[in-house]
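Everything below concerns the one structure shown next.
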Amino acid sequence: RNLTPDGYFILKLTQNNIHKWPGLVQKCINKFNSEVEWDEMWNEMDAEGRFETGNILFVYLKIGEFDNPIGYTWFDNNWLYNTFIHSSRKEGHSTLFIQECCHSLDRSITKIDLFCDDWNIKTQKLFEKAGFKKA
């Protein structure tokens, strides 16, 4: 079943299809930088390296607004990392986005791990709502 709300969709970007979406990675970076100042923010070169090693980037978009990503998250096999959802998203969409991304992974992945900084209470709550448990 699809958890993505009507009028929205999730792109699953990989090394094999990223070329079809030129500029989208930079738009994700710009969206993050519009709200968060973080010294360890990844860049397009980092993204290229991630794609080359098989990482997946899920991007959350509103239909018809392909140049305006709402959020994204990265996966390295079963490791979820670098999640961002813009404050403009609708209530509840963050949780649905994370759940749908997790459900879109290869079926051989039976456990998903992640790390969230202690200070990042908002994101911890998001992951708990999405069904993750603290270890």
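Some notes on this structure:
- Here's how it looks for residue 83: its modeled amide H is under 5 Å from those of 74, which are all 5 or more places away or on a different chain.
- Cleavage-rule hits, trypsin sites (Lys or Arg not before Pro), region 1-90, DSSP coil, Cβ neighbours within 10 Å at most 12: 1, 90
- Exposed-site-free run, longest, the chain (rule: chymotrypsin sites (Phe, Trp or Tyr not before Pro); DSSP loop; at most 11 other C-beta within 10 Å): 39-114
- Within the listed set 48, 37, 100, the residue fluctuating most in the Gaussian network model of the chain (springs between alpha-carbon atoms under 10 angstrom) is 37.
- Calculated mean residue ellipticity at 222 nm for the chain: -8500 deg cm²/dmol, from DSSP H runs with n ≥ 4 weighted as -39500 (n - 2.57), summed, divided by the residue count and rounded to 500.
- Lysine pairs in region 25-135 whose alpha-carbon atoms fall under 25 angstrom of each other, counting only those eight or more residues apart or on distinct chains, come to 25.
- Heavy atoms of residue 36 accessible to a 1.4 Å probe, total area in Å² rounded to 10: 50 Å²
- Accessible heavy-atom area order of 53, 73, highest first, probe of 1.4 Å: 53, 73
- Subtracting the Cα-Cα distance of residue 2 and residue 111 from 0.36 nm times their residue separation leaves 37.3 nm of extension gain.
- In the elastic network of the chain, a GNM with C-alpha springs shorter than 10 Å, the most mobile of 33, 78, 120 is 120.
- Label point distance in nm, residue 44-residue 76, each placed 7 Å from Cα along Cα→Cβ: 2.3 nm
- Residue among 91, 40, 65 with the largest mean-square fluctuation in a Gaussian network model of the chain, springs linking Cα atoms under 10 Å: 40
- Enclosed volume per residue, in Å³, of the convex hull spanned by Cα atoms of the chain: 120 Å³
- Sorted into 5 angstrom bins from 0, the C-alpha pair distances of region 67-124 split as 4, 16, 27, 26, 18, 8, 2 percent.
The values are calculated or read from the model by the stated rules, or taken from the named source; none is laboratory data. Values in this document were obtained by computation on a predicted structure and should not be read as measured data. With ideal geometry, Cβ positions are generated from the backbone for all residues, glycine too; neighbour counts draw on all protein chains shown. For accessibility, only protein heavy atoms count, side chains too; no ligands or nucleic acids. Shrake-Rupley method; radii C 1.70, N 1.55, O 1.52, S 1.80 Å.
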